[in-house]
1. Name every residue in segment 38-53 that is modelled with pLDDT under 95 and part of a loop (DSSP other than H, G, I, E, B), in order of residue number.
2. For segment 200-238, how many residues are more than 16 Å from the ligand (Cβ to nearest atom) and either closer than 21 Å to VAL46 by Cβ or of a type in the set (Asp, Glu) (or both)?
3. Examine segment 198-206 for a residue that is in a strand (DSSP E or B), surrounded by 15 or more Cβ atoms within 10 Å (Cβ to Cβ) and on the phi > 0 side of the Ramachandran plot, and state whether such a residue exists.
4. Please go through segment 17-31 and pick out each residue that is outside any strand (DSSP E or B) and touching a helix residue (DSSP H, G or I) at 6+ places or on another chain (Cβ under 6 Å).
5. Among the residues of segment 94-105, how many are assigned to a loop (DSSP other than H, G, I, E, B) and within 15 Å of the ligand (Cβ to nearest atom)?
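The values are calculated or read from the model by the stated rules, or taken from the named source; none is laboratory data. These numbers come from a predicted model, not from an experiment. Here the Cβ positions follow ideal geometry from the backbone for every residue, glycine too, while neighbour counts run over all protein chains shown.
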Amino acid sequence: MKSRLLDRLLVAAQVHAIESPGPRMRLVTLTGPHLAGLDWEPGQHVRLQVAAGPAAVDWLVGMLRTYTVWSYHDRTMQLVVFDHGDGPGAHWARTVRPGDELLLMKPQGTFVTAAAPYHLFAGEETAQAAYGPMLRALPPGTRVFGALEVDSPEERLDLGPGTNLEWSYRRGRSAASSETLVEAVRRLELPEEPGHAYLAGEARTIQLVRRHLIEERNWPRRNVLTKPFWTPGRKGMD
Ligand SMILES: Cc1cc2nc3c(=O)[nH]c(=O)nc-3n(C[C@H](O)[C@H](O)[C@H](O)COP(=O)(O)OP(=O)(O)OC[C@H]3O[C@@H](n4cnc5c(N)ncnc54)[C@H](O)[C@@H]3O)c2cc1C
């Protein structure tokens, strides 16, 4: 019964390669026959077994952490893991080696693009991991605006050609409750009509940006899609 349940929930994969696209970024490439034929939409995430879990739940799935699928094709899936220095997910990404085996849950989630006159993206290091695949999948000619705030230029990921994003740098300041990201979004010259906004990353910053769009720019709430990825003091958000 346990193995049937696990087969429905989890997929086995092997680590194929690890690269460092930035000083604190790990690009982890996973492969394996069980990765073939999964349903995936850009912006969706997987949950990975990064370590053993607390005794009460370890028998089932172990310690899970959530990462957006950076790319997926046939039997190959890539994830970008930001090394914030603390926690089992970050530790896993620092120590994982080619050939390591792991289990993951199939892609899931509703943080995906919807038809809109234009799209607005705002967030920090971890949000980039979601925006890359979402931006790459937009039809050519789609209007895109965005404000991305990372610690330094070295931590920018390549989010694809032709994207109209404003980048700013925190230079050691916390990404939590970032008023400077809100200010960067406030400075964007957006069309009069609302578009569709995608806000991922640190939870309090997302709320500040959301409030700006709804209260200062009068965007309808339904046009602002949020997905908190982490916040100080909370572990393993999903
Ligand atoms: C839908 C979804 C998609 C996600 N996609 C990605 C992704 O593609 N890449 C990615 O790197 N992360 C992503 N995240 C965030 C990632 O799941 C969290 O950062 C997770 O907490 C990391 O686990 P951990 O074991 O390293 O730290 P935890 O054990 O969860 O947390 C330990 C401590 O570290 C802090 N912390 C966690 N993350 C950060 C951070 N980024 N910066 C600073 N402090 C932090 C926590 O607040 C906590 O105090 C995603 C989250 C969600 C919900």
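1. Of everything in segment 38-53, those that are modelled with pLDDT under 95 and part of a loop (DSSP other than H, G, I, E, B) turn out to be ALA52, GLY53.
2. Selection size over segment 200-238: 2.
3. Checked against the condition, which is being in a strand (DSSP E or B), surrounded by 15 or more Cβ atoms within 10 Å (Cβ to Cβ) and on the phi > 0 side of the Ramachandran plot, segment 198-206 yields at least one hit.
4. Answer for segment 17-31, where residues must be outside any strand (DSSP E or B) and touching a helix residue (DSSP H, G or I) at 6+ places or on another chain (Cβ under 6 Å): just PRO23.
5. Adding up the residues that qualify gives 1.
Every residue, every condition in (1) in contact with a helix residue (DSSP H, G or I) (Cβ under 7 Å, 6 or more places away or on another chain); (2) of a type in the set (Lys, Arg), yes or no:
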{"site": "ARG156", "(1), (2)": "no, yes"}
{"site": "TYR169", "(1), (2)": "yes, no"}
{"site": "THR180", "(1), (2)": "no, no"}
{"site": "ARG186", "(1), (2)": "yes, yes"}
{"site": "GLU202", "(1), (2)": "no, no"}
{"site": "VAL209", "(1), (2)": "yes, no"}
{"site": "HIS212", "(1), (2)": "yes, no"}
{"site": "GLY236", "(1), (2)": "no, no"}
